[in-house]
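Visitor: One structure follows; several queries about it will come next.
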Amino acid sequence: MKPTDNRTGTAVTVEHLCRRFGEQHALRDVSLALAPGRVLALLGPSGCGKTTLLKLLAGLDRPGSGRILFGDNVVASETTMVPPQHRRLGMVFQDYALWPHMSVQANVAFPLEMQRLSAAEVRRRTTDALVRVGLGAMAQRAPAQLSGGQQQRVALARAIVAQPALLLFDEPLSNLDRDLRESLCSDMAQLLRQLGTTAVYVTHDHEEACTIADEVAVMSRGGLLQQAAPATLWNAPASPEVARFLKLGALTPARRKAGGGIHLSGSDTVLPEELLAPASAAAPRAGEGQLLIPGSAATPGALDGAALRATVAAQHYRSGSFATDLALPGGALLRTVTRERLAPDSAVGLHIAPRQLHWFATAAA
Ligand SMILES: Nc1ncnc2c1ncn2[C@@H]1O[C@H](COP(=O)(O)OP(=O)(O)O)[C@@H](O)[C@H]1O
Ligand SMILES: [Mg+2]
């Protein structure tokens, strides 16, 4: 590979990547692009192909077809395979994979030992990495003398110490309990922004993905559904599948009438077009499709003046309020938050903020 600037991250381009295990299509025609210094989260349910994609980026596995480029250099294709040690990577996995017989200092220094640096330089860089992850005082301890969160910080220091061009993370927080997960996640997000290294971060957790990443790639069954900034995913999901995976709200089959109005299937309810988000309103009008009513756009209240009438299906107490599932006309369930306990099966009005609903037209057969 051509030498690159030692301090900055690499651009990553993935072109039509496929990987099969027997009959199992672990990746189907995945393409994505990541600019230098950006942090991308790969988000999707278990088994959707996240680790497979990460291993291909790492050079721990070969693609069936397609290419991966770091900058202008092809690192993987049907004919090229740059080994992991020549890809300038740092990696952090779910299990910390520290060497138990070596001190924290020695674990972190390890990637530098191959580089024929002076002992003073190794010490300087190791100390810097440990300070960055908040473990400046722990250098002489053994991994077993640290908590799980601290061990993962050591693994993070080891991943960044050699100034990699690309950092790869595979569910690094899933072995930690919730409080630790949250604090380490925001510390890592801050660190990644300071470093300016490009990073790909695998997770199945929405909040983690949004905290850590500039962009989120939503995956399902080996395919990439949408790559966008977190706010764009939430405000403009590309498909019903994305909306469903992100649990954005209720999806209900409906028909847009030629003269305007959205008729909810299996009911008498017709909603005005003004409730649609601008991008949905601009889409072709008449026809069948699915309407997304985001939970964040809907407020339960009086029947008078409500956009539609719903029925209380279930309620669960959540610290300070109730998670209330409402059955919409046609039967779809919408989760909302209410302050009061509502009687099961009682009718409530649903008030919907304008320009918040999304329309997904059914593709013509
Ligand atoms: N080495 C392998 N041999 C056979 N099947 C595999 C192998 N690695 C992954 N798979 C299959 O490929 C699919 C994607 O797996 P993976 O990338 O590990 O998913 P994720 O990390 O999103 O949970 C799964 O169905 C998994 O069983
Ligand atoms: Mg995985």
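Visitor: What is the residue count in region 30-88 for residues that are within 16 Å of ligand 2 (Cβ to nearest atom) and within 15 Å of Val12 (Cα to Cα)?
Guide: 10
Conditions (1) buried (at least 21 other Cβ atoms within 10 Å of the Cβ); (2) more than 20 Å from Gly37 (Cβ to Cβ), marked per residue:
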| position | (1), (2) |
| --- | --- |
| Asn107 | yes, yes |
| Glu121 | no, yes |
| Asp128 | no, no |
| Val131 | no, yes |
| Pro164 | yes, no |
| Ser174 | no, yes |
| Leu184 | yes, yes |
| Ala189 | no, no |
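Visitor: Right, another one. Got a number for residues in region 344-364 being touching a Pro at 6+ places or on another chain (Cβ under 7 Å) and under 14 Å from Pro278 (Cβ atoms)?
Guide: Final tally of qualifying residues: 3.
Visitor: Would region 204-220 turn up any residue that is in contact (Cβ under 8 Å) with a residue 12 or more places away in the chain, among the acidic types (Asp, Glu), on the phi > 0 side of the Ramachandran plot and assigned by TED's automatic domain parsing to the domain that holds Gly47?
Guide: no
Visitor: Report those strands (runs of 3 or more DSSP E) wholly inside region 118-236 carrying at least 2 residues which are within 16 Å of ligand 2 (Cβ to nearest atom) and over 27 Å from Gly249 (Cα atoms).
Guide: 166-170
Visitor: Separate question: Restricting to region 313-365, name every residue that is surrounded by fewer than 17 Cβ atoms within 10 Å (Cβ to Cβ) and among the hydroxyl-bearing types (Ser, Thr, Tyr).
Guide: Listed by number, the residues that qualify are Tyr317, Ser319, Ser321, Ser346, Thr362.
Visitor: Show the residue pairs meeting these rules: Cβ distance below 6 Å; 6+ apart or different chains; first residue within region 48-68 and within 12 Å of ligand 1 (Cβ to nearest atom); second residue among the small types (Gly, Ala, Ser).
Guide: Cys48/Ser220; Gly49/Ala26; Gly49/Gly222; Lys50/Gly44; Thr52/Ala26
Visitor: Exactly one condition in (1) in a strand (DSSP E or B); (2) on the phi > 0 side of the Ramachandran plot; (3) among the acidic types (Asp, Glu) is false for Asp345; which is it?
Guide: (1)
So that you can scan it fast, the table gives a plain yes or no per residue for (1) assigned to a strand (DSSP E or B); (2) closer than 26 Å to Arg256 by Cα; (3) more than 28 Å from the chain's Cα centre (by Cα):
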| site | (1), (2), (3) |
| --- | --- |
| Arg309 | yes, yes, yes |
| Thr324 | yes, no, no |
| Pro329 | no, yes, yes |
| Val337 | yes, no, no |
| Arg341 | no, no, yes |
| Arg355 | no, yes, no |
| Trp359 | yes, yes, no |
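The values are calculated or read from the model by the stated rules, or taken from the named source; none is laboratory data. Please read these numbers as outputs of a predicted model, since none were measured by experiment. Please note: Cβ atoms are built from the backbone with ideal geometry, for glycine as well, and neighbour counts cover all protein chains shown.
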